Amino acid sequence: MFKKILIANRGEIALRVIRACKELGIKTVAVYSVADKESLHVRFADEAVCIGPAPSSQSYLSIPNIIAAAEITNADAIHPGYGFLSENAKFSKVCEDYGIKFIGASADMIDSMGDKASAKDTMKKAGVPCIPGSDGLLKTIDEGIKLSNKIKYPVILKATAGGGGRGMRIIRNDQEFEKAWNDAKQEAGAAFGNDGLYLEKFIEEPRHIEVQLLGDKFGTVVHLSERDCSIQRRHQKLVEETPSPIITERLRNKMGEAAIKGAKSIKYEGAGTIEFLVDKNGDFYFMEMNTRIQVEHTITEEATGVDLVKMQIRVAAGEKLEKKNYFPLRHSIECRINAEDAKNGFRPSPGKITNFHMPSGFGVRVDSHCYTGYTIPPNYDSMIAKLIVNAPTRDEACDRMKRALQEFVIDGIKTTIPFHIKLMDDPKFRSGKFTTAFLESFDFSSIK
Amino acid sequence: MKPKEIQELIDFIASSGLAEVNIETEQFKINVKKYPDSAIKATDISLPVMPQVIPQSLPVVSSNQVSTAVTTPKAEKAVETSNLITIKSPMIGTFYRSSSPETPSFVNVGDVIEAGKAVCIIEAMKLFNEIESEISGKIVKILVENATPVEYDQPLFLVEPN
């Protein structure tokens, strides 16, 4: 087992990792930028090293600075958390070169899952259902129309070099194809300097459902069931829950087994998540794989009782996984509390928290790095706390979440707490029948 | 009371012509005596425990909290620090006074240096980096021991500028 772990992150996830280390009797090293001097993770760790000025590129994203910090503290492992360098293949390799265990995926695994096209290819070969579409780039309009009829409209043309929704066109019939093709090609060429397009079946109003996985170095991969993350705003998750209100036991087993198959095909080690899109027929399609611990790992922990961060550390230290899958024993919901004004377009609201009081009581958990008097630095993301509840049923979990949100006091800045309270009362949310389009028609103006 | 404020208070008393000053408020108590050779000595500064603005979520952490490998050295509460410039570490690594155990130190206390002069080496990942001073002046104090780890922005040298 490791003697000392350096946590290459900040905020609430750094605290999360430090807590797991303490329980395992492992010493901890916190790294921090100049802006995070008063941060909680710095105080909770056994040692702390200042690794640079406020900008992430010069501190939390600086591979040499982090490696140097590990060297001078003699850390034998690095936990990268999420974001920052957690899925940086180069960092994973550098750690390996310096004899420091990277508690995450190997450079090869990160690379193979990082490229969307090749990830899809890999999964397809492993027998994981993928969104039907073109094999690589489309060469002609005729080829496109032929394929669209095969996989059935609606389809979507996507730029291979693309992102941010650009170079994308949804096509609903043969007549629309030529114009969409020309428009998308032109946009892609202008935006990315590469007008290559590929085609996919367009999944309308899907649900975003992901499966948590754990893999050890002996080839065992297990799943810990799904998380429903369909409540999103501009592709940012706001609320997550498990079990998903629409996943049956049968579908859970099917998706779980598919995810395991995919992960085994790349000999995956550590904690990872495979994201699927699920359509209204209950058909699921591989979207992408995240080779790191995720923000919402908490709800899986609450529902299954498994400490995922400890498992990450154990598996990285060479321990063997028990060959069993885990299923939700309780219903768990997480609300991400951000320093944003939900009533006014989720405008960021940084500043000093003049009063911070966390909710508690039966079935309530708060993962947060904030405290009264803490000033949120403007250099990093706006998440201030994760509020997680668990209860025997979904209804009780929603009631408990509302109760806990009402107890949560964060003065001095605007937060998304009022939005979450309104959401817990929303009849459509309560029904469990919603898709990723849900928030598009949500009335934000009536938030108190 | 911040160290800088204590410094300013001492300076004020020094220039006041008084021999001894005692100040006591609800927050702090300070006693300053001026010696005949006019070197000010600040004694008996007792500051209270930091007011408990911070609630349950910021506990007093376990006793093995204090960082061992990289303790930032406390800046001296001396009168002389007010006009001095601190050379701070621009990187993380191990601090060395000279380029090898056999060669002499780059600088010693009392040396006058020009901007651009190498003052120390910081080693990280088997690479030895010469750190150059950005200022000219006289080395007044060396704040770090040879072959100890340093972090970003850690004070290394106190320099009296020209």
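At-a-glance table
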| quantity | calculated |
| --- | --- |
| Listing of strands (runs of 3 or more DSSP E) fully contained in the range A:230-345 that carry 2 or more residues being polar (S, T, N, Q) and assigned by TED's automatic domain parsing to the domain that holds A:V364 | A:236-242, A:331-338 |
| Residue in the range A:221-242 that is farther than 26 Å from A:V364 by Cβ, out of contact with any helix residue (DSSP H, G or I) (no Cβ under 6 Å at 6 or more places or on another chain) and touching a residue at least 24 places away in the same chain (Cβ under 8 Å) present | yes |
| Meets criteria (in contact (Cβ under 8 Å) with a residue 24 or more places away in the chain, in a loop (DSSP other than H, G, I, E, B), more than 14 Å from chain A (Cβ to nearest Cβ) and among the hydrophobic types (A, V, I, L, M, F, W, C)) for B:I135 | yes |
| Positions within the range A:21-54 being under 21 Å from A:N379 (Cβ atoms), facing another protein chain (nearest Cβ under 10 Å) and among the acidic types (D, E), in sequence order | A:E38 |
| Extreme residue, farthest from B:N146 (Cα to Cα), among residues of the range B:101-121 that are within 19 Å of the chain's Cα centre (by Cα) and among the hydrophobic types (A, V, I, L, M, F, W, C) | B:V109 |
| Single residue of the range B:84-104 satisfying the filter (among the charged types (D, E, K, R) and assigned to a loop (DSSP other than H, G, I, E, B)) that is nearest to the other protein chains (Cβ to nearest Cβ) | B:R97 |
| Lone qualifier among A:E23, A:E71, A:E96, A:E38 - being of a type in the set (D, E) and either in contact with a His (Cβ under 8 Å, 6 or more places away or on another chain) or not in a helix (DSSP H, G or I) (or both) | A:E38 |
| Selected residue (criterion: surrounded by the most Cβ atoms within 10 Å (Cβ to Cβ)) from residues of the range A:346-357 that are within 14 Å of chain B (Cβ to nearest Cβ) and in a strand (DSSP E or B) | A:F356 |
| Flag for A:I18 being closer than 24 Å to A:E301 by Cα, in a helix (DSSP H, G or I) and away from chain B (no Cβ under 14 Å) | no |
| Residue within the range A:194-213 that is modelled with pLDDT of 95 or more and surrounded by fewer than 22 Cβ atoms within 10 Å (Cβ to Cβ) present | yes |
| Failed item in (1) in a helix (DSSP H, G or I); (2) surrounded by fewer than 24 Cβ atoms within 10 Å (Cβ to Cβ), with A:F84 passing the rest | (1) |
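Every residue, every condition in (1) in contact with a Lys or Arg (Cβ under 9 Å, 6 or more places away or on another chain); (2) surrounded by fewer than 22 Cβ atoms within 10 Å (Cβ to Cβ); (3) under 21 Å from A:E301 (Cβ atoms); (4) at pLDDT 95 or above, yes or no:
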residue: A:I337; (1), (2), (3), (4): yes, no, yes, yes
residue: A:V366; (1), (2), (3), (4): yes, yes, yes, yes
residue: A:I376; (1), (2), (3), (4): yes, no, no, no
residue: A:S382; (1), (2), (3), (4): no, yes, no, no
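The values are calculated or read from the model by the stated rules, or taken from the named source; none is laboratory data. Predicted model only: the values in this text are computed from it and were never measured. Glycine also receives a Cβ, built like all others from the backbone with ideal geometry; neighbour counts cover every protein chain displayed.
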